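*Asks:* My questions all concern the structure below.
The values are calculated or read from the model by the stated rules, or taken from the named source; none is laboratory data. Since the structure is predicted, the reported quantities are computational estimates derived from the model, not experimental observations. Reconstructed Cβ throughout: ideal geometry from the backbone, glycine too, with neighbour counts over all protein chains shown. All accessible areas refer to the heavy atoms of the entire protein, side chains included, with ligands and DNA or RNA removed. Shrake-Rupley method; radii C 1.70, N 1.55, O 1.52, S 1.80 Å.
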Amino acid sequence: MKSLFKTIFAAVLAIFLFSCGQSQTASLNKAEKALISGSDSLMRVLTIFDKADSLLLRSKSNDFSEKDLRSEAFKSLAAKMLYTVKDPSQDGVGIAGPQVGLNRRIVCVQRFDKPGEPFGVYPNARLDSLWGEKAPGREGCLSIPGWAGRVPRFTNIIVSYTDPNTMKTVRETVDGFTAVIFQHEIDHLDGILYTDRADSLWVM
Ligand SMILES: [Zn+2]
């Protein structure tokens, strides 16, 4: 009898440990869906000057599940983030999920490396590789209004993301200013702000 208990215990423990080792991507919860489905196209941009906002901006973001990426909520989020970053009140070149109150891995980046300089939306974005010299450049952030800084960034990157149409992982090599924007925005997904990397900061 004792050995039967031991066997059952070992089996339960093994299942528990196995499930802990799996990286589960939880789909959008009720609160996240409510934030996305708000009636206004212009989303509120969080700033570090608010305590609750600051905590969210400093939190790590989670991936979207395939179910999320196929949902109307995701399409709506992408459209609203684009609307928000392009709005004259923000006039940004990039925005990340946490900046609109969502700890999910999504960035919108203006592609200065493409004709017409369009914005792109990149879910489950990650920096796979960074190389080249670290060139200092001026940066600002919609979440830190009124401030700017000088930040050394890599000149070449490989960014990966999930294509929401094919669900395949896409890898792109990017350089120049667009690579700087990707680094700034993807940092947001890991709770990192440009002020953490700046060698000087000033009030505008
Ligand atoms: Zn920023």
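*Asks:* Where residues in segment 167-186 are open to solvent by less than 80 Å² (accessible area, probe 1.4 Å) and free of Cβ contacts under 8 Å to residues at least 24 places away in the same chain, which of them is nearest to the ligand (Cβ to nearest atom)?
*Replies:* Filtering first and then ranking leaves Glu172.
*Asks:* Within segment 122-143, can one find any residue that is at positive phi and either within 16 Å of the chain's Cα centre (by Cα) or within 16 Å of the ligand (Cβ to nearest atom) (or both)?
*Replies:* yes
*Asks:* Pull out all pairs, ordered by first then second residue, where Cβ-Cβ is under 9 Å, the residues are six or more apart or on different chains, the first lies in segment 79-107 and is among the hydroxyl-bearing types (Ser, Thr, Tyr), and the second is more than 14 Å from the ligand (Cβ to nearest atom).
*Replies:* So the pair list comes out as Tyr83/Ser41; Tyr83/Leu42; Tyr83/Met43; Thr84/Ser41; Thr84/Leu42; Thr84/Met43; Thr84/Arg44; Ser89/Leu42.
*Asks:* Oh, and also: Is there a residue being over 15 Å from Ala179 (Cα atoms) and in a helix (DSSP H, G or I) anywhere in segment 99-119?
*Replies:* yes
*Asks:* Which condition breaks for Val159 when tested against (1) surrounded by 18 or more Cβ atoms within 10 Å (Cβ to Cβ); (2) within 25 Å of Lys80 (Cα to Cα); (3) within 14 Å of the ligand (Cβ to nearest atom); (4) among the aliphatic types (A, V, I, L, M)?
*Replies:* (3)
For every residue, the table says whether it meets (1) away from the ligand (no atom under 15 Å from the Cβ); (2) within 23 Å of Glu139 (Cβ to Cβ); (3) modelled with pLDDT of 95 or more; (4) open to solvent by 80 Å² or more (accessible area, probe 1.4 Å).
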| position | (1), (2), (3), (4) |
| --- | --- |
| Thr25 | yes, no, no, no |
| Ser76 | yes, no, yes, no |
| Val85 | no, yes, yes, no |
| Asp91 | no, yes, no, yes |
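*Asks:* Could you check segment 188-204 and list, in sequence order, the residues that are without any contact (Cβ under 8 Å) to a residue 60 or more places away in the chain and of a type outside the set (Val, Ile, Thr)?
*Replies:* Tyr194, Asp196, Arg197, Ala198, Ser200, Leu201, Trp202
*Asks:* For segment 124-176, which strands (runs of 3 or more DSSP E) that fit wholly inside it have 3 or more residues that are under 18 Å from Ala198 (Cα atoms)?
*Replies:* 126-139, 147-162
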